[in-house]
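Written below as structure tokens is the structure these notes are about.
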Amino acid sequence: KVLQVVSFIENDPKSVTGTTFQAIPDFTLSITPSSTSSKILVQVNLTIGGGSSDVYNIFKLTRGGSVISDTVATNTVGSCVAGSWSNNVYYSTELHTTSYTYLDSPSSTSALAYAVQVRPMGTVSRTFYLNRPSNTDDSNRGAGTSTITLMEIAG
């Protein structure tokens, strides 16, 4: 039984640059479970823009700043891998989507803040783009939205 649902829609473009995992700025949502036996179903949908160079985005789901979801993906620990573009002329104008669902058992009745961390590339500094491609020089370039939805499920 679903006890409550909260959702956040991010319309603004965001970016993260570097070789380490960092939180996507302002892409956080909180929920307060009504019981310690409740589970939280986390659904993340990201619109990802192509970079100005090759990029291999890997994501981690966090609760209260601590990583709660890691799975092995391409020799790196991350929740999912998305947005790996090869070297072609169109990747800087492309948008792709990736989704991730995780069932959390926090055993808490305190407010829980869920967020997403991204590592654009591990060996060379690259930039991850949320809701827009890196190349936005004309009106034909698309934009998107990204969401986090949290559902409290009775335990």
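The values are calculated or read from the model by the stated rules, or taken from the named source; none is laboratory data. This structure is a prediction, so every number in the text was calculated from the model and none was measured. Here the Cβ is made from the backbone with ideal geometry for all residues, glycine too, and neighbour counts use every protein chain on show. We work out accessible area using only protein heavy atoms, side chains counted, and drop any ligands, DNA or RNA first. Shrake-Rupley method; radii C 1.70, N 1.55, O 1.52, S 1.80 Å.
Could you list, in sequence order, all residues of region 110-155 that are more than 29 Å from T17 (Cβ to Cβ), touching a Ser or Thr at 6+ places or on another chain (Cβ under 6 Å) and open to solvent by 20 Å² or more (accessible area, probe 1.4 Å)? Scanning region 110-155 gives A111, G155.
Out of the residues in region 1-29 that are hydroxyl-bearing (S, T, Y) and exposed (fewer than 15 other Cβ atoms within 10 Å of the Cβ), which is farthest from F128 (Cα to Cα)? Can you show your working first?
Step one: list which residues in region 1-29 are hydroxyl-bearing (S, T, Y), which gives 7, 15, 17, 19-20, 28.
After this cut, where a residue has to be exposed (fewer than 15 other Cβ atoms within 10 Å of the Cβ) as well, the list is 7, 17, 19-20.
On the way: S7: 23, T17: 6, T19: 10, T20: 12 Å.
Per the criteria, the residue is S7.
Of the candidates T47, T62, the single residue that is within 15 Å of the chain's Cα centre (by Cα), open to solvent by less than 60 Å² (accessible area, probe 1.4 Å), at pLDDT below 90 and of a type in the set (S, T, N, Q) is T47.
Just one residue in the set F8, F27 is closer than 20 Å to I58 by Cβ and part of a strand (DSSP E or B); that residue is F27.
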